[in-house]
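Here is the structure we will look at, set down as structure tokens.
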Amino acid sequence: MGGGDWLNDRLGYRDWIRKSFGRPLPDGASWIRSLVFALILLFVFEGLTGFLLSLSYSPSTETAHASVEYTMNETLIGGFVRNLHFHAASLILVVITLIGLCCFYQGAYKGGNEASWILGVILLNLVFAYTISGFLLPWDQNAFWGTKVRTSIMGSTPLVGPMVQKVVQGGTDLGNLTLTRFYAGHFFLIPLVTVGVYFVYRGIKKHIWKRKMVGVESPETLPTYWPHQAARDVTMGCLVLAVLFGMSFAVPIELGPKADPLLNYPARPEWFFRWLYQLLKYFQGSAQIIGTIVIPGLMGVILILIPFLDRSEKPGFGQKKLLLTFLLAIALFCTGLTSIAYYHDLETGHYEEVELWQAKADPEFDVDTFYKSECFECHGSTGSGLLEATPDFGDPDFWSGSRADVYLIKAILEGIPNETLPEDERMPGYQDKINADQALALIEFKLKKFPEEE
Amino acid sequence: MLALIIRISLNPVTRSSILGYNRRMQRRSFFQSFVAFVGSIVLAAVGLGTAIVQGVGSVLHGKGKDENWIKVDEIDHLLPGQPQERTISFRTKDGWEEKTEHQKVLIIYKDGEPVAHSPSCPHLDCPVSLVPEAEKFICKCHMSYFDAKGDVIEGPAPRGLDPLPTKIEDGVLYCRWVRYQSGGSQAVEV
């Protein structure tokens with residue numbers, strides 16, 4: 001008796017392998033099924049990259065941003081792992097949508113298969129929970145202000161809203177306890193529910209498989225999982241991972257400046273929430289709840305009800321034109337809102353402002369020479385200012401409070417068009433001569449260094 | 001009650017001399033189902049109860065409001081007739097961490113009456129900031145505009161900027177830091 005037999009006697013793994021890999025497929029092998037495999041693979045990948053990121057993450061207001069910065073800049077491939085973790089979430093949404101479309105086209109939820117569809121909708125909501133909780137963890141400006149909006153949206157729910165908001169935030173405002181809560185949810189609670197959903201899905205799948213096998217007369221003629229479906233699964237898996245790695249190489253995910261309640265940052269949500277963001281602008285006053293709760297809630301209900309709304313008897317779009325038109329209208333509505341949101345940001349100079357926030361002080365830039373040639377004339381050698389309206393850079397009060405670097409960068413680049421001053425005493429703009437990084441270097445290495453005058 | 005059920009179910013032998021075999025088994029399986037059912041509810045309640053008390057209750061229980069007056073600025077330093085921003089600093093506790101918190105307050109100083117407003121937009125808690133040239137306030141998240149008195153000019157905000165309690169003592173303006181629930185036409189403290 002070989003070692004394999006000895007083990008098999010105790011574990012019975014051969015039977016298990018034969019049953020799972022050799023199981024006959026009553027519907028044959030399919031590429032759509034391989035999308036489900038790709039989805040599971042992406043979730044596993046999220047678990048792996050998430051675990052790797054957690055190795056150097058510390059959830060507190062003092063450490064969260066610094067630890068993510070450390071992960072990105074000082075660990076070997078931390079920045080890339082973070083890109084993978086971020087982009088895989090987008091891909092998960094894309095794959096879920098693709099699977100949903102295929103199921104809708106085929107009417108796959110027909111004949112007592114509604115449960116899988118509803119599980120899919122639950123999974124979609126779990127993905128939103130992942131993205132909302134994960135969004136805050138880097139604790140940068142966008143995360144902080146964006147999450148403030150999201151918890152306030154929760155707070156706008158009638159009756160229970162304020163209580164829910166408090167429980168989610170861990171208090172009346174965002175802080176240490178919000179980070180620990182979001183981290184625990186992102187890393188433990190939501191994955192736990194996801195695994196639960198997976199096991200329910202497996203149970204349902206097995207049940208449906210058994211039901212389909214009852215009608216099969218000669219199961220040995222059916223294609224088996226291995227190698228027919230396995231080949232498709234692995235191919236699709238490789239394809240999705242290739243896209244994921246390509247995206248992660250091409251589009252690095254930035255870490256913004258650290259969260260600061262004093263500095264107003266124009267926060268924006270991820271692309272898949274942009275339509276919702278735009279929607280919020282239209283509902284004024286007490287109608288606010290229509291944008292925050294009613295419309296998103298209705299969309300969720302419609303999504304869950306699709307298997308029951310679809311009365312068609314054959315696969316394809318032919319028999320569900322009305323439902324299809326309705327869903328297309330919703331999709332068009334969301335796409336339109338998203339486009340308006342992006343267009344509006346382009347128009348109002350949002351991206352220019354964000355660029356200023358992202359400025360990194362350029363150490364190559366010779367701040368002393370520049371100061372002497374351009375600033376000296378009005379601001380003087382001690383930085384205290386020679387004109388009536390020039391500020392005193394040596395005064396600590398000037399640097400305290402809401403004076404963010406980004407506003408100074410803006411003032412240096414664009415000037416201050418103060419109409420009450422004579423034209424030759426106004427601060428001119430220097431954007432033809434220096435860029436935002438150099439302006440920040442000027443602030444950091446020159447203006448902030450002027451000593452306080454006695 | 002529960003103790004009685006357990007005692008009976010643990011002593012089937014005393015019953016068996018009176019009842020026939022089948023009757024006994026029926027009764028026994030009834031008791032066992034009953035114990036299993038009640039027991040599962042007890043187990044679930046213990047787990048859920050622990051989770052709710054620690055995870056939810058400890059947040060809602062919360063501490064009292066911050067009643068301290070915080071210095072904003074000396075009255076002489078305020079610019080009359082202009083909306084302006086000031087930074088306030090106060091000690092606070094964020095979870096386990098004792099720290100100095102900095103917040104911005106929006107000051108409107110008209111006719112010798114300074115009014116302080118919370119910088120939190122009453123729409124969805126985004127930051128409101130001053131537009132100095134235009135003498136108005138703006139929330140750049142969803143584009144709500146407020147006039148120099150704090151009333152809504154334009155945008156989705158359901159009410160004007162929320163006022164903070166103020167007092168003037170020895171020529172110094174003080175305020176209290178209060179958080180309001182966003183949304184709704186009435187300002188409600190949280």
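Scan (1) more than 30 Å from A:GLU313 (Cβ to Cβ); (2) touching a residue at least 60 places away in the same chain (Cβ under 8 Å) for the single condition A:LEU123 breaks and write down its number.
Unmet condition: (1).
Report those helices (runs of 4 or more DSSP H) wholly inside region A:1-117 carrying at least 2 residues which are in contact (Cβ under 8 Å) with a residue 24 or more places away in the chain. Give the derivation first.
Details: elements: A:3-11, A:13-21, A:31-54, A:64-74, A:78-106.
Ranges flagged: A:13-21, A:31-54, A:64-74, A:78-106.
Would you please name the residue that is farthest from B:PHE137 (Cα to Cα), looking only at residues in region B:81-116 that are within 9 Å of chain A (Cβ to nearest Cβ) and charged (D, E, K, R)?
Out of the qualifying residues, it is B:GLU97.
Which of the residues belonging to region A:227-280 are loosely packed, with under 14 Cβ neighbours inside 10 Å and within 14 Å of chain B (Cβ to nearest Cβ)?
Across region A:227-280, there are no qualifying residues.
Could you list, in sequence order, the residues of region A:148-167 that are more than 12 Å from B:SER182 (Cα to Cα) and either more than 8 Å from every other protein chain (Cβ to nearest Cβ) or touching a Pro at 6+ places or on another chain (Cβ under 9 Å) (or both)?
The first filter runs over region A:148-167 and keeps only residues more than 12 Å from B:SER182 (Cα to Cα), leaving A:158-160, A:163-164, A:166-167.
Answer for region A:148-167, where residues must be more than 12 Å from B:SER182 (Cα to Cα) and either more than 8 Å from every other protein chain (Cβ to nearest Cβ) or touching a Pro at 6+ places or on another chain (Cβ under 9 Å) (or both): A:PRO158, A:LEU159, A:VAL160, A:VAL164.
Looking at region B:165-184, can you tell me whether even one residue there is more than 11 Å from chain A (Cβ to nearest Cβ), surrounded by 16 or more Cβ atoms within 10 Å (Cβ to Cβ) and either assigned to a loop (DSSP other than H, G, I, E, B) or of a type in the set (Val, Ile, Thr) (or both)?
yes
Kindly list the number of the only condition in (1) touching a residue at least 40 places away in the same chain (Cβ under 8 Å); (2) part of a helix (DSSP H, G or I) that fails for A:GLY256.
Looking at each condition in turn, A:GLY256 falls short on (2).
Determine whether region B:156-177 contains at least one residue that is within 16 Å of the chain's Cα centre (by Cα) and either of a type in the set (Lys, Arg) or at pLDDT 90 or above (or both). Spell out how you get there, then give the answer.
Start the filter on region B:156-177 by keeping residues that are within 16 Å of the chain's Cα centre (by Cα), which leaves B:177.
Going one step further and asking which of them are either of a type in the set (Lys, Arg) or at pLDDT 90 or above (or both), we end up with B:177.
Among the residues of region B:156-177, at least one is within 16 Å of the chain's Cα centre (by Cα) and either of a type in the set (Lys, Arg) or at pLDDT 90 or above (or both), which makes the answer yes.
Pick out, from region A:268-385, the helices (runs of 4 or more DSSP H) lying fully within it that include 2 or more residues that are in contact with a helix residue (DSSP H, G or I) (Cβ under 9 Å, 6 or more places away or on another chain) and under 30 Å from A:GLY111 (Cβ atoms).
Counting at least 2 such residues, we get A:295-309, A:321-347.
Taking the criterion of being at negative phi, in contact with a Phe, Trp or Tyr (Cβ under 6 Å, 6 or more places away or on another chain) and either surrounded by 12 or more Cβ atoms within 10 Å (Cβ to Cβ) or modelled with pLDDT of 90 or more (or both), would at least one residue in region A:22-42 satisfy it? First the steps, then the outcome.
Filtering region A:22-42 for residues at negative phi gives A:22-27, A:29-42.
Then drop every residue that is not in contact with a Phe, Trp or Tyr (Cβ under 6 Å, 6 or more places away or on another chain), which leaves A:23.
Adding the requirement that they be either surrounded by 12 or more Cβ atoms within 10 Å (Cβ to Cβ) or modelled with pLDDT of 90 or more (or both) leaves A:23.
Among the residues of region A:22-42, at least one is at negative phi, in contact with a Phe, Trp or Tyr (Cβ under 6 Å, 6 or more places away or on another chain) and either surrounded by 12 or more Cβ atoms within 10 Å (Cβ to Cβ) or modelled with pLDDT of 90 or more (or both), which makes the answer yes.
Sort out which residues of region B:106-127 are assigned to a strand (DSSP E or B) and under 20 Å from the mean Cα position of the chain (by Cα), and write them in order of number.
Within region B:106-127, the first condition is being assigned to a strand (DSSP E or B), and the residues that meet it are B:106-110, B:113-117, B:120, B:127.
Listed by number, the residues that qualify are B:HIS117, B:SER120, B:PRO127.
A:VAL406 fails exactly one of the following numbered conditions: (1) surrounded by fewer than 16 Cβ atoms within 10 Å (Cβ to Cβ); (2) within 26 Å of B:ILE88 (Cβ to Cβ). What is the number of that condition?
Evaluating A:VAL406 over (1) surrounded by fewer than 16 Cβ atoms within 10 Å (Cβ to Cβ); (2) within 26 Å of B:ILE88 (Cβ to Cβ) leaves (1) as the failure.
Can you pull out the residues in region B:32-63 that are polar (S, T, N, Q) and either farther than 13 Å from A:GLY171 by Cβ or away from chain A (no Cβ under 13 Å) (or both)?
Scanning region B:32-63 gives B:GLN32, B:SER33, B:SER40, B:THR50, B:GLN54.
Which of (1) over 30 Å from A:ALA331 (Cα atoms); (2) touching a Phe, Trp or Tyr at 6+ places or on another chain (Cβ under 7 Å) is the odd one out, the single condition A:LEU93 does not satisfy?
The failed condition is (1).
Among the residues in region A:169-184, are any more than 13 Å from chain B (Cβ to nearest Cβ) and farther than 30 Å from A:LEU356 by Cα?
No: region A:169-184 contains no residue that is more than 13 Å from chain B (Cβ to nearest Cβ) and farther than 30 Å from A:LEU356 by Cα.
Write out, first by first residue and then by second, each pair whose Cβ atoms fall under 8 Å of each other, whose residues are 6+ apart or on separate chains, and whose first residue, in region B:126-153, is under 17 Å from A:LEU279 (Cα atoms) and within 12 Å of chain A (Cβ to nearest Cβ) while the second is surrounded by fewer than 23 Cβ atoms within 10 Å (Cβ to Cβ) and among the charged types (D, E, K, R).
B:CYS126/B:LYS140; B:HIS142/A:LYS281; B:MET143/A:LYS281; B:MET143/B:GLU154; B:SER144/B:GLU154
Quick check on this structure: which one of A:VAL234, A:VAL197 is assigned to a helix (DSSP H, G or I) and over 21 Å from A:GLY112 (Cβ atoms)?
On inspection, the qualifying residue turns out to be A:VAL234.
If the requirement is being of a type in the set (A, V, I, L, M) and modelled with pLDDT of 85 or more, which of these qualifies: A:LEU421, A:LEU386, A:LEU413, A:LEU447?
Every option except A:LEU413 fails the conditions.
The values are calculated or read from the model by the stated rules, or taken from the named source; none is laboratory data. This one's a predicted model, so the numbers in the text were calculated from it and none came from an experiment. No Cβ is skipped: glycine too gets one built from the backbone with ideal geometry, and neighbour counts run over all protein chains shown.
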